[in-house]
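Notes follow the structure.
The values are calculated or read from the model by the stated rules, or taken from the named source; none is laboratory data. Everything quoted here is computed from the prediction, not taken from an experiment. Neighbour counts run over all protein chains shown; Cβ positions are idealised from the backbone, glycine included. Only protein heavy atoms, including side chains, enter the accessible area calculation; ligands, DNA and RNA are left aside. Shrake-Rupley method; radii C 1.70, N 1.55, O 1.52, S 1.80 Å.
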Amino acid sequence: MAKQEKRTELKVTAIENGTVIDHIPPQSVFQVINILGLSRVKNQIMVGTNLDSQKLGKKGIIKVSKKYFESEEINKIALVAPSATLIVIKDFTVVYKAKVEIPQHITKIVKCINPNCITNHEDIPTNFTVIEREDGLRLHCNYCEKYTKKENIHFV
Amino acid sequence: MKNKSLISIHDITREQYDEVLDLAEKFEKNPKQDVLNKWVVATLFFEPSTRTRLSFESAANQLGARVIGFADASTSSVKKGETLKDTILTVSNYSDIIVMRHPKEGSARYASEVSPVPVINAGDGANQHPTQCLLDLYSIRKTQKKLDGINIAFVGDLKYGRTVHSLVQALTNYKTTFHLISPEELKLPSSVKQYIKDANLEYHQYTEMDEVIPKVDILYMTRIQQERFADPLEYERVKGAYILRDSMLAEAKKNLRVLHPLPRVNEITEDVDDNPKAYYFQQAQNGVYVRQALLTLILGEEKKVKS
Ligand SMILES: [Zn+2]
């Protein structure tokens, strides 16, 4: 196990200060990049995907140098990567490590599934309340009051 | 409720329902009172709905308010591509409260977020129409002398009818028993049934109404539209089962009243109109009193109202 982790580290260089998002399902790596708006930041970013993982089989990892996220922001990725772990690094040392949690509200990043919703017709950021029931996660649009089920989630 | 928008039936508590209905009762006794004479009400109808607009305008006018607005977006700047936000911000310069109807769901919520003056939703697409719901509650309370413990039957299109969805949700605040009568294709959505379950109330589903009529206090009829059916033959097959005729009311309880959000097409035959159990025209009239109550409460003038 220690050996495995070490090999991963060699493929994706360690960072001195910043945020690591680990255990991302490979198919969600690019969605995570979009959700966090990483294509627009100037920081050094390292992305690895299809790496071997004991837990997931294959996994993706994203390391963002000198950047820390609000938990509200980082938790949005739980929609596509519920298995992801957030690791905060300072001076090459892990100072914080936790699984992402699905937030109570999702703003801006998800499209409302209702074609007649005002957010699909005017330039309005979407705003959803996350509802978790036994039959799965769904998003309640705060505008049109319709539900978007997890499998129907599309990102803006 | 002063200065608060009313967008969705979820925005108000049971206490606030009572507040609105109590004030509406005063207006029913005395509908012409000069309590809103310093206020300007804007009615913005981005899609036409003559019935609802006239009801609001009559409510405002009878209380001495001035009314501005448009009845159809095709004749206004909206057609020239102005955003909803710009229209609302402009109109809020000229008015103290905005009543709006719009074809897109969520439009009223959005308007209330950008508007410096309160907004009353007079229908946003298939989503909410809270004043219809309040006038339905008023009609039930008035005819049954209570809201708790009512047996209500909803008949017809329970899938797409927003009126039904809102009223079901509002009635889960009271100890209501629901009887849901519809064709298989138009059953109440499970998301709405969930509200009934969450409130630990009872509901029963049927495809025919005859056996249900003797059990209920309120018979709430709705229109079934042909375009809701994928197969036109299916519509032809089922439509007759959801038409109320006077003879069907013979076994009904004495206190039963028939409600309908209007306009009706053929789902209530005209011979029902003369039955004292028919209440749908008074129901529409009650809409004026409820809207008077809402305008007065939101503008904070309820202390001026005489009973
Ligand atoms: Zn929506």
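Near B:Q205, the amide H atoms lying under 5 Å from its own belong to B:L180; only residues 5 or more places off or on other chains count, and H is placed 1.01 Å from N.
Calculated accessible area for chain A comes out at 56 Å² per residue, all protein chains present (probe 1.4 Å; ligands, DNA, RNA ignored). For region A:105-155, the equivalent ellipsoid built from the Cα gyration tensor has semi-axes of 18, 10, 9 Å, listed from largest to smallest. The label point for B:D273 and the one for A:E122, both projected 7 Å from the Cα toward the Cβ, are 4.0 nm apart. Under 1.5 on a/c is rounded, so check that first for region B:124-212, then, if it is not, pick prolate when a/b is larger than b/c and oblate when it is not; a ≥ b ≥ c are the square roots of the alpha carbon gyration tensor eigenvalues. Judged from the Cα gyration tensor, region B:124-212 comes out rounded (a/c under 1.5). Between helix A:2-11 and chain A there is an angle of about 80 degrees, using the helix long axis and the longest principal axis of the Cα atoms. The residues of region B:108-130 occluded by other protein chains by 40 Å² or more of accessible area, set against the chain on its own, are B:R109, B:Y110, B:N127; surface from heavy atoms, 1.4 Å probe.
When chain B is treated as a GNM with alpha-carbon contacts under 10 Å, the residue of B:Q285, B:Q194, B:Q205 showing the greatest mean-square fluctuation is B:Q194.
Remark: spin-label model distance A:F92-B:R245 equals 9.1 nm, labels positioned 7 Å along the Cα→Cβ axis. Across the accessible surface of chain A, with the other protein chains kept in place and a 1.4 Å probe, carbon and sulfur atoms take up 49 percent. Distance from the Cα centroid of region A:63-114 to that of region B:9-45 is 46 Å (rounded to whole angstrom). By the compact-protein rule of thumb, 2.2 N^0.38 Å, the alpha-carbon radius of gyration of region B:222-307 corresponds to a ratio of 1.53.
Given the DSSP H assignment, sum -39500 (n - 2.57) over each helix run of at least 4 residues in chain B and divide by its residue total; what's the result at 222 nm in deg cm²/dmol, nearest 500?
-11000 deg cm²/dmol
B:Q283 sits among other residues whose Cβ lies under 9 Å from its own Cβ, and their net charge, with Lys and Arg +1 and Asp and Glu -1, is 0.
Taking N as the residue count of the protein assembly as shown, its C-alpha radius of gyration divided by 2.2 N^0.38 Å amounts to 1.20. Using equal-weight Cα scatterers in the Debye expression, the normalised intensity of region B:131-284 in log10 at q = 0.10, 0.15, 0.21 Å⁻¹ is -0.31, -0.73, -1.51. If R0 is 35 Å, the Cβ-Cβ spacing of B:L262 and B:T83 corresponds to a FRET efficiency of close to 0.60.
Of all segments of chain B bounded by GluC sites (Glu not before Pro) found in a DSSP loop with no more than 14 other C-beta atoms within 10 Å, the longest spans B:83-201.
Measuring nothing but protein heavy atoms, the accessible surface of region B:131-284 at 1.4 Å probe radius is 46 percent carbon and sulfur.
Could you give the nm distance between label points at B:Y206 and B:E185, where each point is 7 Å from its Cα heading toward the beta carbon? Taking the simple label geometry, B:Y206 and B:E185 are separated by 2.2 nm.
Summing Cβ point charges (Lys, Arg +1; Asp, Glu -1) relative to the Cα centre of chain A gives a dipole of roughly 540 debye. Restriction of the trypsin sites (Lys or Arg not before Pro) in region B:104-207 to DSSP coil positions whose beta-carbon has at most 13 other beta-carbons within 10 angstrom yields B:K145, B:K146. In the context of the full set of protein chains, residues of chain B present 42 Å² of accessible surface per residue (probe radius 1.4 Å, heavy atoms only). Interface burial in region A:110-146, defined as at least 20 Å² less accessible area with all protein chains than with the chain alone at a 1.4 Å probe, covers A:N116, A:I118, A:H121, A:E122, A:I124, A:R133, A:N142, A:Y143, A:C144, A:E145, A:K146. With the cut-off at 1.5 for a/c, could you classify region A:18-99 from its C-alpha gyration tensor as rounded, prolate or oblate? The shape class here is rounded. For B:K29 and B:Y160, the FRET efficiency from 1/(1 + (r/R0)^6), where r spans their Cβ atoms and R0 equals 41 Å, is about 0.65. Beyond 29 Å in Cα-Cα separation lie the following of the pairs B:K32/B:K215; B:K4/B:K38; A:K55/A:K90: B:K32/B:K215.
The convex hull drawn around the Cα atoms of region A:5-156, when projected onto a plane and averaged over every direction, covers 9.6 nm². Rg and Dmax over the alpha-carbon atoms of chain B stand at 19.5, 57 Å.
Taking both sides together, the accessible area buried where B meets A is about 1300 Å² for a 1.4 Å probe. The residue among B:N255, B:A170, B:G300 whose Cα reaches farthest toward the positive pole of the charge dipole of chain B, with charges on the beta-carbon of Lys, Arg, Asp and Glu, is B:G300.
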